[in-house]
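**Q** To start, I am sharing the structure in question, which I have written as C-alpha cells.
Only the coordinates and a few stated rules stand behind these numbers; no lab work does. Predicted model, so just to flag it, every value in this text is computed and none were measured. As a convention, Cβ positions derive from the backbone with ideal geometry for all residues, glycine included, and neighbour counts pool all protein chains shown.
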C-alpha cells in the first residue's frame, strides 16, 4: 500500500498512538488502514455413492494440482454459503452444505481455512474457468502426491478418517511451518506432514 | 474506497472479466481491490476457582457493556495467538490458550468470531485503555442483560453449558439477523435469542 484509498495522498508506515503495530496511516487525512488475515471457505462435496468431488486447478497458484472446491470468503456471506458458492463456481455442482468440520490456521500466509462437509444434490459437475477437470473420486483414487495445498491434504484426511470411524468430528489445526522449497516442488506427503509439526 | 492504494488514481466499481461481483478497479493501473470478511479472535479466560475474566468496554462500540477479551485478528498470527494477545491487551492477563470451542458467522457485518478456551496462568489482571473494569466472575455473576455483542452472549452460553456437562464440545452458529433497533438498546436476552433464529 502506497496511497490512501480514502483521499489518494501518500501513506506512511507508523504506529498510531495507543496501537501496538505499525499501520499504513495517511499523511493527509489521517486515516489508518488495517490489513487482516483472509478466510478461505471450502467444501468436500460427497456424492451418494461415497465419492467426493475433486478439481484440477486451471489457475495459479498450484496449476495442475488437485483440490476440493475452496476460495476466498466474500463480504456478507457465511462460511457455509461461501463454500457452496465456491463449489458452484469451480465445479458447476450444487451442494447442500453440512457442518464445519475443520478450521486450519496458516499464519505464514495470514489465512484461515474453514472447511464444511457437503452433499451433492445432483450428479452434475463440469470443468470451469478455474478447474480443468472435475472428477468424482473414491478415497483410494485421491492423488495424495498431487494435492495443491497442505490445508487441502489435511482437510481430506480429517474427512475420510471421520467417515471411516462413522463420526462427524470437528478438527482444528495450526500449520506453523511453510514447506521447504525442495519439498514444495511435488507437494508430497513428506513435506505436508512436516507442516503439522 | 475512492482511490487506488497502489498508484493513487481513482477507482471505479465494476465487475472484472471472469468475476461474479463488482470490485473496486483502478482506472489507471488496473489493480483490482478486494474486500473480505474480518476474523475476530477471542478467549474465555478461566481462573483456577472457575471464575472467568470479563471486561467492561472503555471504547465504542458498546461502551460500558461487558465482554470477554476479543478483537481483530492480526496478520501472521493463529487464532489462538491472537486470542492470547487480545487478552493481554484488554485485561493485562496471561492465558494459556485452549481449544477452539466456537465459530460464529455474522454475515450482516462480514465478521467471523473464533473463540478459544483459556486458562489464566496467574491471578493478575487490570483495567486498560480498552477496558474500564476487569472482573473475575462466577457464572451467576455474569451480567447477561449487559453483554456487548450477541456473539459474546452465545459464546459464554456455549462455554458454561459445556463446563456444566463436563465436555469440551465445538459449536458453530450463524447469526443471520441483526437485532431490531428497539432490542439493541439493552442488548438483552430477548434480542439476542432472535439472532440465532
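**Q** Need one word for segment B:50-137: rounded, prolate or oblate. Basis is the Cα gyration tensor (sqrt eigenvalues a ≥ b ≥ c); a/c below 1.5 gives rounded, then a/b vs b/c decides.
**A** Oblate.
**Q** In the Gaussian network model of chain A, springs joining C-alpha atoms below 10 Å, which of A:49, A:162, A:174 carries the largest mean-square fluctuation?
**A** A:49
**Q** Between A:17, A:58, A:84, where does the largest GNM mean-square fluctuation fall for chain A, given springs only between Cα atoms within less than 10 Å?
**A** A:17
**Q** Right, another one. Please report the residue of chain A with the smallest beta-carbon distance to the A-to-B rotation axis, and give that distance in Å, no decimals.
**A** A:170, 2
**Q** From a point 7 Å beyond the Cα of residue B:36 in the direction of its Cβ, which residues of segment A:28-55 have a backbone N at a distance under 14 Å?
**A** Counting backbone N atoms under 14 Å from the label point, the list is A:35-42.
**Q** Calculate the mean, over all residues of peptide B:112-118, of how many other protein chain Cβ atoms lie within 10 angstrom of the residue's Cβ.
**A** 2
**Q** Once the principal axes of the Cα atoms of segment B:38-195 are found, what is the range along each, listed largest first in whole angstroms?
**A** 40, 36, 29
**Q** Under 10 Å, Cα contacts only: if you run a Gaussian network model on chain B, which one of B:166, B:118, B:80 comes out with the highest mean-square fluctuation?
**A** Taking springs between Cα atoms under 10 Å, the residue moving most is B:166.
**Q** Here's another thing I want to ask about it. Measure nothing but the geometry: give the 0 to 90° angle between the long axis through the Cα atoms of B:150-165 and the longest principal axis through the Cα atoms of chain B, rounded to 10°.
**A** Value to nearest ten degrees: 40.
**Q** If you don't mind, another one. Which percent of Cα pairs goes in each bin when the distances of the protein assembly as shown are cut into 20 angstrom slices starting at zero?
**A** Over the protein assembly as shown, the share of Cα pairs per 20 Å bin runs 25, 56, 19, 0 percent.
**Q** When the Cα centres of segment A:85-111 and segment B:73-142 are compared, how far apart do they sit, in Å?
**A** One Cα centre to the other: 26 Å.
**Q** Most exposed first by the Cβ proxy, i.e. fewest other Cβ within 10 Å, how do B:57, B:178 rank?
**A** Lowest count first: B:178, B:57.
**Q** Next up: Can you pull the mean other chain C-beta count within 10 Å for peptide A:171-178?
**A** Taking the mean over all residues of the peptide, I get 3.
**Q** Something else about it: Suppose you put the label 7 Å out from Cα in the Cβ direction; list, shortest first and in nm with one decimal, how far residue B:163 is from each other copy's label.
**A** Going from nearest to farthest copy, the values are 3.9 nm.
**Q** So what's the back-of-envelope 222 nm ellipticity for the protein assembly as shown, counting only DSSP H runs of four-plus at -39500 (n - 2.57) apiece and dividing by all residues, rounded to 500?
**A** For the protein assembly as shown, the value works out to -6000 deg cm²/dmol.
**Q** Let me ask something else about it. Report the gain in length on full extension from residue A:174 to residue A:146: 0.36 nm times residue separation, minus Cα-Cα distance, nm rounded to one decimal.
**A** Here the answer is 7.9 nm.
**Q** Could you put A:4, B:29, B:7, A:26 in order, starting from the residue whose Cβ has the fewest other Cβ atoms within 10 Å?
**A** Final ranking by Cβ density, sparse to dense: B:29, B:7, A:26, A:4.
**Q** Nearest 10 degrees, 0 to 90: what angle lies between the long axis of helix A:79-91 and the longest principal axis of chain A (Cα atoms)?
**A** The angle comes out at about 70 degrees.
**Q** Segment A:1-86: percent of C-alpha pairs farther apart than 15 Å?
**A** When all Cα pairs of segment A:1-86 are counted, 71 percent exceed 15 Å.
**Q** Suppose you put the label 7 Å out from Cα in the Cβ direction; list, shortest first and in nm with one decimal, how far residue B:34 is from each other copy's label.
**A** Relative to the other copies, residue B:34 has label-point distances of 2.0 nm.
**Q** While we're looking at this one, here's another question. Would you kindly work out, in nm and rounded to one decimal, the distances from the label point of residue A:10 to those of the same position in each other copy, ordered shortest first, with label points 7 Å along Cα-to-Cβ?
**A** Values, ascending and in nm: 2.4.
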